[in-house]
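Only one structure is covered here, and it is reproduced in the block below.
Here, each number is a calculation from the coordinates, and none is a lab measurement. Because the structure is a prediction, the values reported are computed rather than measured. Ideal geometry is used to build each Cβ from the backbone, glycine not excepted, and the neighbour counts take in all protein chains shown.
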Amino acid sequence: MISLTLHEIHPATILPQSLMGFNVYLSNGEGERPVKFLSSEKMVDETDYDQLRENANLKVFIDATSLAEYREYLVAHSSKWLTDERLPSRLRTALLLECLVAKWQSAFSSSSIDTTIDVAKEISERLVLSIEFLDVRIPDVIQALDMGIDLSRHSLRTAIYCGLLGNSVGYDGTVLNELCMGGLLHDIGKQSSGESFKSSGPENDRSMRAHPLFGFRRLCNSRNVTTTVLMMCYQHHENMDGSGFPVRLIGDEIHFGAKICAIVNRFDHLTSSENPRMAYTCGSAGRIMEQDRSNRFDQEIMKTWLKLLKSHLKNS
Amino acid sequence: MAKTVKESFEEQLKQIPLDFILPPRVREDLQRKGIGAAMHDDNRESPRFRTNGPAIFTWDSSPAAINSPRVARQVIVRDLSKTGIGILTSCQWFPEEVGKLQFAIGDMVVKIMRARRLGPRCFEIGARIIRYTRYQDSQR
């Protein structure tokens, strides 16, 4: 007998008249052994679909080795489930991120910067649509992507926060797209330097301080990179009081995209950690940022961020 | 009688005045001579010699995403090494920008490597020398 490692999926992601391309297993409540429900070659017919919809106790699983195919299936049918209002927006956010994270992880570590930029452009378009049409909430993003501090997840979370904050500040359309893309690419200089940024030490500190410059060099000659995206990468460690790096700019010498990125970057560093128990909760991170009396961040944008965070915490 | 290169350079300097005020500590530092101390993040391959002289910078090219209009500027050359040059200027320049520095005795094509803010409207730019042309005596 072959034992399978099963991965639970949400029944609502199985859509009628779709070919799954992988086996689906069903269990009828807690403790019951899952049995094969749909084989990989079978189209989901209306009877199967009704059965899934009508029984709230059903649990649906796939073989863990089919996760990549499941993500492809989700991406291919995303226009259907993203607009399906029967699905809670929290779930739609989680599914969307599940689709995007694998794609972004492989693009982020690609040796071709053009591939990384093209995928970043595509993902930021999806993120903007989600921000505009889904009720994406900060705690849901953390829950969906709360797995360590790896750079690709950090940049995906930053991109969503940049989009949410940009939207709250009053930007839409193209600018929101640029903000999401800048969030995805802001740490691309860390990728190119080939250094680990987890430990401390003079060499690491030097690389850390150089990563905005490395990132700028990787991005600056691409036609798909706008000034906003480039400045988010180059200036996201600049502080309003001139204490940042690499240039030590002050106040309005810093691009607005970089001011937005700096705030959400700080928030993500507070709420994520290699050891999940060391990470602050959303609320604690908000309080730390609120009590920060340094003048590192743009105060107006910070107020908008804290207001947004409070409203998301209140409704979650 | 035709103007010498030096005369026309001086005339150009008058037309493009310096548009920044040096912070006091930078002004003091410019009075010093000799080899400059290496900074902790110094990437220069050869020792840098302190200098203090005017030059005119004109842009040749900027990265695709930097599209702000650029006009010629008078700058101060702060230090010079075999491969690089340090310039003081009034605005932020970006890495990978390429331009020409013109002096009384020659000109230099340089590529910007980094920028650092020293004070209000005062930036220090580090550039790599791509090509140096020294004018012939007859030109000078």
Nearest 10 degrees is fine. How inclined is helix A:202-219 to the longest principal axis of chain A, computing both from alpha carbons?
80
Listed residue pairs exceeding 22 Å between alpha carbons, taken from A:Lys259/A:Lys303; A:Lys121/A:Lys190; A:Lys36/A:Lys59; A:Lys103/A:Lys307; A:Lys259/A:Lys307
A:Lys103/A:Lys307
Candidates A:Gly244, A:Gly163, A:Gly257, ranked by Gaussian network fluctuation over chain A, Cα under 10 Å, top entry
A:Gly244
Using a Förster distance of 30 Å, how high is the FRET efficiency between B:Ser90 and A:Asn221, based on the Cβ-Cβ distance and rounded to 0.05?
0.70
Most mobile listed residue (A:Leu129, A:Leu156, A:Leu165) in chain A, GNM with C-alpha springs under 10 Å
A:Leu129
Step through the residues of the stretch A:94-106 one at a time and calculate ³J(HN,Hα) from phi using the Karplus curve (6.51 cos²θ - 1.76 cosθ + 1.60, θ = phi - 60°), rounding each to whole Hz and writing x for Gly and Pro.
4, 5, 4, 5, 4, 5, 7, 5, 5, 5, 6, 4, 6
Considering the convex hull of the alpha carbon atoms of the stretch A:1-129, report its projected area averaged over all viewing directions, in nm², one decimal.
9.3
For A:44-50, A:230-236, ranked highest to lowest by mean beta-carbon neighbours within 10 Å, the order is A:230-236, A:44-50
Scalar couplings 3J(HN,Hα) for the stretch A:164-173 by Karplus 6.51 cos²θ - 1.76 cosθ + 1.60 (θ = phi - 60°), nearest whole Hz, x for Gly and Pro, are 5, 5, x, 5, 5, 5, x, 8, 8, x
Send over the semi-axes of chain A's equivalent ellipsoid, whole angstrom and largest first, taken as the square roots of 5 times the C-alpha gyration tensor eigenvalues.
38, 21, 19
Which residues qualify? For B:Arg114, with a placed amide H closer than 5 Å and at least 5 residues away or on another chain, they are B:Gly126
Report P(r) for the stretch B:62-140: all Cα-Cα distances, bin width 10 Å, range 0 to the bin holding the largest distance, values in whole percent.
18, 51, 26, 6, 0
Most fluctuating residue of A:Pro212, A:Pro88, A:Pro139 in a GNM of chain A with Cα springs under 10 Å: which is it?
A:Pro88
Whole-Hz ³J(HN,Hα) from phi, Karplus 6.51 cos²θ - 1.76 cosθ + 1.60, for the stretch A:283-298, glycine and proline x:
x, 5, 4, x, 5, 4, 5, 5, 7, 5, 8, 6, 9, 6, 10, 5
